[in-house]
Amino acid sequence: MNSKYTKGFAIQLDQEDPLNSFRKEFHIPVDENGHELIYLCGNSLGLQPKRTRDYLDQELTDWAELGVEGHFNAKNPWMPYHEFLSEGFSEIVGAKPTEVIAMNSLTVNLHLMMISFYRPTRKKHKILIEADAFPSDIYAITSQIKHHGYKPEDSLVKIKPRKGEDTLRTEDIAKIIAEDGDEIALLMLGGVNYYTGQVFDMKTLTNLAHKEHIYVGFDLAHAAGNVKLKLHNWNVDFAVWCSYKYLNSGPGSIAGAFIHEKHHKSNLPMFAGWWGHNKENRFQMPDDFEPIPTAEGWQLSNPSILSLAAIRASLSIFKEAGMDRLIEKSKNLTNYLIELLETIDSDKIKIITPEKRGCQVSIQVTKGNKILFDELTKKGVIADWREPDVIRIAPVPLYNSYSDVYKFYNLLTSSL
Ligand SMILES: *Cc1c(COP(=O)(O)O)cnc(C)c1O
């Protein structure tokens, strides 16, 4: 047995890893000499599965050969193409296939969900969100508050960690919900906070909020394909996610949305478009909108088939690997990273990601030492830097190896 802190040990862990063959399914970016980079940035943009090209080629070929007939006669007909993704998405987020839909992009879906689930009144108009939420979410929420004629200073509640702490405590969020519940209309959190990597207790928070008649939505951009989700059983009202981070479907690819089935026939206000209309008579072009009584009813437009094909390719890999096995490897891989990082002087770096996490680890660098990050980049590490002082590392179980983690640690210690 090799010592834990050696390359040999990492290689041994890779050999014992039941999912190690999946790395070969992906294109790993290389440096100018053709050497594989240490790609730890799947939380920002997932790598390209090799099979994605075949999935796209199929649609390009059918488009070339069939033109408009491809809507019905393509090998994978375009009319119902989004339905081919329902099962895969539902397994990723823990939902029924009728509760998920691939459409639009993430921020657009967030707005569409708020059209349905943010219905402020004079008394109940506040939206609760984590203070360090992704800026786009804050912008979206702020603009919705203004759109309804309310003021962000009255209606936007940003939850901050306690003094001296980096992440939020469930009990502190619970306290706000209990104390101000009658003024809060919506609880909107990132399922996994993009900055700290903290996973929120979505089940408990949903329960607590519902007791106060607060709708609950999660932005799963950093959670989908990363952590175990059970949106249906947790009784979450809605969720949105993108497909280009852990879901490896390409830059700007189509996003997802979840709407709990209890809302499908409840006449919630919604923005409408023809793709959400009853499929039976959509092409008779009736004037009156009749929403499909599933998450599909929230669709506006016919979607980009090329983008959906990329998602389909990726979901087929998730199906083969299995979410439970991925999460098991993710835990092992991330624990290994943390164990290595803990050997480093605590006055040089600090891990701000709590134990409730997915595969992302956020490392705070003393004195905002960006030189360190630049040095790592020069040595072949692709990670990302978030101002003022955090390096985010995401060893992704589908394609990252224990050796990647070890090499990162080795370069980090030699650069410090
Ligand atoms: C990545 C990310 C986004 C990006 O939004 P797009 O609409 O896909 O550009 C928004 N919110 C969160 C929390 C994210 O992590």
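The values are calculated or read from the model by the stated rules, or taken from the named source; none is laboratory data. Note that this is a predicted model, so its numbers are computed, not measured. Note: ideal-geometry Cβ built from the backbone for every residue, glycine included; neighbour counts use all protein chains shown. Each accessible area value is taken on the protein alone, full model and side chains, heavy atoms only, with ligands, DNA and RNA left out. Shrake-Rupley method; radii C 1.70, N 1.55, O 1.52, S 1.80 Å.
Worth pointing out:
- Only listed residue being in contact (Cβ under 8 Å) with a residue 12 or more places away in the chain and assigned by TED's automatic domain parsing to the domain that holds Asp201, chosen from Ala309, Ala394: Ala309
- Single condition Gly225 does not satisfy, out of (1) closer than 24 Å to Tyr39 by Cα; (2) surrounded by fewer than 24 Cβ atoms within 10 Å (Cβ to Cβ); (3) within 16 Å of the ligand (Cβ to nearest atom): (2)
- Within segment 356-369, being modelled with pLDDT under 95 and outside any strand (DSSP E or B) holds for Thr366, Lys367, Gly368, Asn369.
- Of everything in segment 268-312 that is open to solvent by 50 Å² or more (accessible area, probe 1.4 Å) and of a type in the set (S, T, N, Q), the residue that is farthest from Asn104 (Cα to Cα) is Gln284.
- Filter pass, Ser105 being within 16 Å of the ligand (Cβ to nearest atom) and in the same structural domain as Ala309 (by TED's automatic domain parsing): yes
- Residues within segment 331-344 that are within 16 Å of Leu411 (Cβ to Cβ) and either part of a loop (DSSP other than H, G, I, E, B) or open to solvent by 80 Å² or more (accessible area, probe 1.4 Å) (or both), tallied: 2
- The conditions of being touching a Phe, Trp or Tyr at 6+ places or on another chain (Cβ under 8 Å) and open to solvent by 70 Å² or more (accessible area, probe 1.4 Å) are met by Gln48.
- Segment 361-388, residues that are in contact with a Leu (Cβ under 6 Å, 6 or more places away or on another chain) and either free of Cβ contacts under 8 Å to residues at least 12 places away in the same chain or open to solvent by 50 Å² or more (accessible area, probe 1.4 Å) (or both): Lys379, Ile382
- If you go through segment 256-307 and keep only what is charged (D, E, K, R) and part of a loop (DSSP other than H, G, I, E, B), you end up with Lys265, Lys279, Glu280, Asp287, Asp288, Glu290.
- Search result, residues across segment 133-159 that are open to solvent by 10 Å² or more (accessible area, probe 1.4 Å), hydroxyl-bearing (Ser, Thr, Tyr) and more than 9 Å from the ligand (Cβ to nearest atom): Tyr139, Thr142, Ser143, Tyr150
- Note on segment 1-76: enclosed helices (runs of 4 or more DSSP H) holding 2 or more residues that are charged (D, E, K, R) are 7-16, 52-66.
- Being touching a helix residue (DSSP H, G or I) at 6+ places or on another chain (Cβ under 9 Å) and within 24 Å of Ala223 (Cα to Cα) is true of Val405.
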